[in-house]
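Enquirer: Encoded as structure tokens, here's the structure I'll be asking about.
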Amino acid sequence: MLLVLRALSGAYRSMRFHATVAKAAADDPFLVAIDIAEELVAEGVPFRQAHELVGRLVAEAVVTERSLRDIVNETPSFQRFSPLFDDGVALARRRSPGASGPGPSASQRGRLRQLIDEALDRL
């Protein structure tokens, strides 16, 4: 177990994170499809129907090689979801425990730090 922990420790120390790449991935317009479906469900649309509606938009974007944002902006019944495409909005909406949003991520980092400190105290 200690060998594995040492190996992982070395791997984590050598990791490099590319914030610009991560930000671009977090703002990927296709991820907003999830938010649109969630908003539809919050409005009372059954999930199966919301999934189908948003799936059609995604399919149109893929088939026509256009952005999902453009498709949403051109579809009157979906234009109200345009603000979901703004930078950082999709990521900020990830608020549940363990999610990738800023709040849960900070909580996870704090918990990880606590677990590391506890483990080091036991060594």
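The values are calculated or read from the model by the stated rules, or taken from the named source; none is laboratory data. All figures in this text were calculated on a predicted structure; none of them were measured in a lab. Every residue, glycine as well, gets a Cβ built from its backbone with ideal geometry; the counts of neighbours run over all protein chains shown.
Enquirer: Can you spot a residue in the range 41-51 that is at pLDDT below 90 and out of contact with any strand residue (DSSP E or B) (no Cβ under 8 Å at 6 or more places or on another chain)? Spell out the reasoning first.
Expert: The initial filter retains those residues of the range 41-51 that are at pLDDT below 90, namely none.
No, the range 41-51 contains no residue that is at pLDDT below 90 and out of contact with any strand residue (DSSP E or B) (no Cβ under 8 Å at 6 or more places or on another chain).
Enquirer: So Phe78 fits all but one of (1) more than 22 Å from Ser100 (Cα to Cα); (2) among the aromatic types (Phe, Trp, Tyr); (3) at pLDDT below 95; what number is the exception?
Expert: It fails just one condition, (3).
Enquirer: Sticking with this one: Consider Arg69 against the criteria (1) of a type in the set (Lys, Arg); (2) in contact with a Pro (Cβ under 6 Å, 6 or more places away or on another chain); (3) not in a helix (DSSP H, G or I): it satisfies all of them except one. Which criterion is unmet?
Expert: (3)
Enquirer: Can you report the number of residues in the range 20-57 which are exposed (fewer than 12 other Cβ atoms within 10 Å of the Cβ), outside any helix (DSSP H, G or I) and either touching a helix residue (DSSP H, G or I) at 6+ places or on another chain (Cβ under 8 Å) or of a type in the set (D, E, K, R) (or both)?
Expert: Within the range 20-57, residues that are exposed (fewer than 12 other Cβ atoms within 10 Å of the Cβ), outside any helix (DSSP H, G or I) and either touching a helix residue (DSSP H, G or I) at 6+ places or on another chain (Cβ under 8 Å) or of a type in the set (D, E, K, R) (or both) number 2.
Enquirer: Right, next: Would you confirm whether or not the range 91-100 contains a residue that is in contact (Cβ under 8 Å) with a residue 60 or more places away in the chain, closer than 25 Å to Val21 by Cα and part of a helix (DSSP H, G or I)? Spell out the reasoning first.
Expert: Start the filter on the range 91-100 by keeping residues that are in contact (Cβ under 8 Å) with a residue 60 or more places away in the chain, which leaves 91, 100.
From what's left, closer than 25 Å to Val21 by Cα: 91, 100.
Pick out the ones that are also part of a helix (DSSP H, G or I) and you get 91.
Yes, some residue in the range 91-100 is in contact (Cβ under 8 Å) with a residue 60 or more places away in the chain, closer than 25 Å to Val21 by Cα and part of a helix (DSSP H, G or I).
Enquirer: Suppose the filter is closer than 30 Å to Leu5 by Cα, in a helix (DSSP H, G or I), more than 19 Å from the chain's Cα centre (by Cα) and free of Cβ contacts under 8 Å to residues at least 24 places away in the same chain; does Glu60 pass it? Don't jump to the end; show me each part of the working.
Expert: Values: closer than 30 Å to Leu5 by Cα: no; in a helix (DSSP H, G or I): yes; more than 19 Å from the chain's Cα centre (by Cα): yes; free of Cβ contacts under 8 Å to residues at least 24 places away in the same chain: yes.
So Glu60 fails the test.
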